[in-house]
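Quick notes on the structure that follows.
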Amino acid sequence: MSAGRCRIEIVTPEDLLAFEARWAGHSPAKGAAIRRELHIGEARYYQLLHRAASTADGVRADPITARRVREKLQAAQEWRTRRAMPRAAASQT
C-alpha cells in the first residue's frame, strides 16, 4: 500500500461537536457526510461523539451541543431501560 493511499486522520472532540451542531438529527445524508468528511463509520462517529460530549475539552469547545448530545444519550438509555422492564417482569412469572 502506498503512503499516498494510507491516511490516518485524528478527529478531535471539537471536530465531532462542530459536525453534530451542523447535522443535528439523523438522516441518510448525515451518514454519507460522516463518511465523506470525517472518514469514519456511523457507529464509530456516535461512539466518539458521546465520549467527546462527556470530556472537558468537548464541553469547552461547544457546551450547548455537548449538553444536547448527553441529554439525547441519557433519554435513549432511559427509554431502553423502560422498554426492557415489562419483559423482565413477565419472565419472572
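For the range 26-65, the set of residues classified as of a type in the set (D, E, K, R) and either under 12 Å from residue 14 (Cβ atoms) or not in a helix (DSSP H, G or I) (or both) consists of 57, 60, 62, listed by residue number. Just so you know, in the range 20-75 the residues that are β-branched (Val, Ile, Thr) and surrounded by fewer than 15 Cβ atoms within 10 Å (Cβ to Cβ) include one that is farthest from the chain's Cα centre (by Cα), and it is 64. Tell me whether the range 76-90 contains one or more residues that are modelled with pLDDT of 95 or more, open to solvent by less than 90 Å² (accessible area, probe 1.4 Å) and either assigned to a loop (DSSP other than H, G, I, E, B) or of a type in the set (A, V, I, L, M) (or both). No, every residue in the range 76-90 fails to be modelled with pLDDT of 95 or more, open to solvent by less than 90 Å² (accessible area, probe 1.4 Å) and either assigned to a loop (DSSP other than H, G, I, E, B) or of a type in the set (A, V, I, L, M) (or both).
The values are calculated or read from the model by the stated rules, or taken from the named source; none is laboratory data. Since the structure is predicted, the reported quantities are computational estimates derived from the model, not experimental observations. Counting neighbours? That spans all protein chains shown, and the Cβs are built from the backbone with ideal geometry, glycine included. Ligands, DNA and RNA are stripped out before the accessible areas are found, and what is left, the full protein with its side chains, is counted by its heavy atoms. Shrake-Rupley method; radii C 1.70, N 1.55, O 1.52, S 1.80 Å.
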